[in-house]
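Just so it is clear, none of the values below were taken in a lab; they were calculated from the coordinates. For clarity, every value in this text was computed on a predicted model and none was experimentally measured. Cβ: placed from backbone, ideal geometry, glycine included. Neighbour counts: every protein chain shown.
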Amino acid sequence: MAISAQEVKTLRERTGAGMMECKRALEDAQGDMDRAIDLLRERGLAKAAKKAGRITTEGLVTSYIHGQGRIGVLLEINCETDFVANTDDFRALAHEVAMHIAAARPLYVRPEDVPPEVVAHEREILTAQALNEGKPPAIVEKMVQGRLEKFYQEVCLLEQPYVKNPDISVGDFIKEHIARLGEQIQVRRFVRFERGEEGAAPSE
């Protein structure tokens with residue numbers, strides 16, 4: 001069954017889980033909101049969301065260099081305590097996320113980080129595309145919203161399919177570590193460099 005963007009938004013607000021995991025849970029629950037919440041809890045994602053308000057001031061800055069210096073990534077990823085920051089599990093997570101950034105070229109950490117003017121421009125293009133396809137105006141907005149979500153999956157780190165397991169998002173991958181380590185973990189910022197490219201910019 002078709003899941004609306006509003007349903008995904010509502011579930012996200014109630015659980016704090018990412019857009020992709022909320023959409024997947026609603027699809028698996030056949031649109032039943034309460035069942036979708038239970039599914040997120042069973043998967044450890046809602047549990048991770050409960051930690052979302054905690055302050056993350058520890059963590060580390062890590063680097064990843066690929067292709068004999070062709071691509072480089074600097075990443076700041078935060079957690080709550082230096083104890084967790086110094087664990088092999090957390091350091092492995094940081095390495096995996098940096099490696100994903102090198103491979104997948106995200107531009108922003110999360111959808112909220114995309115500048116409003118960029119979203120407005122993308123919405124304008126997507127609206128024109130839908131109208132040019134001859135779609136009725138009544139459904140154009142739904143189409144545009146769905147395609148905007150696809151846009152976020154392409155440019156936002158946490159929404160991208162994780163390169164080592166495309167069945168989950170990077171946000172899902174991080175939430176698995178939140179559930180395992182028992183602390184809130186947040187990607188603070190990153191910058192990706194590729195030899196010969198101009199204007200490499202930080203994600204914040």
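Computed quantities for the displayed model
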{"read-out": "Over the chain, relative contact order from alpha-carbon pairs under 8 Å, at least 6 apart, %", "value": "25 percent"}
{"read-out": "The chain: projected area of the alpha-carbon convex hull, averaged over directions, in nm²", "value": "12.8 nm²"}
{"read-out": "Residue-count net charge about ARG123 - beta-carbon cut-off 10 Å; Lys, Arg +1, Asp, Glu -1", "value": "-2"}
{"read-out": "Calculated [θ] (222 nm, deg cm²/dmol) that DSSP helices of n ≥ 4 give over the chain, each run adding -39,500 (n - 2.57)", "value": "-16000 deg cm²/dmol"}
{"read-out": "Aspartates and glutamates whose Cα lies under 17 Å from that of LYS23, excluding same-chain neighbours fewer than 8 positions away", "value": "GLU7, GLU13, ASP32, ASP34, ASP38, GLU42, GLU149, GLU154, GLU159, ASP167, ASP172"}
{"read-out": "Nearest-20 debye value, the chain charge dipole, Cβ charges on Lys, Arg, Asp, Glu", "value": "120 debye"}
{"read-out": "Stokes-Einstein D for region 5-49, Kirkwood Rh over Cα pairs, 4 °C, 1.567 mPa s (µm²/s)", "value": "134 µm²/s"}
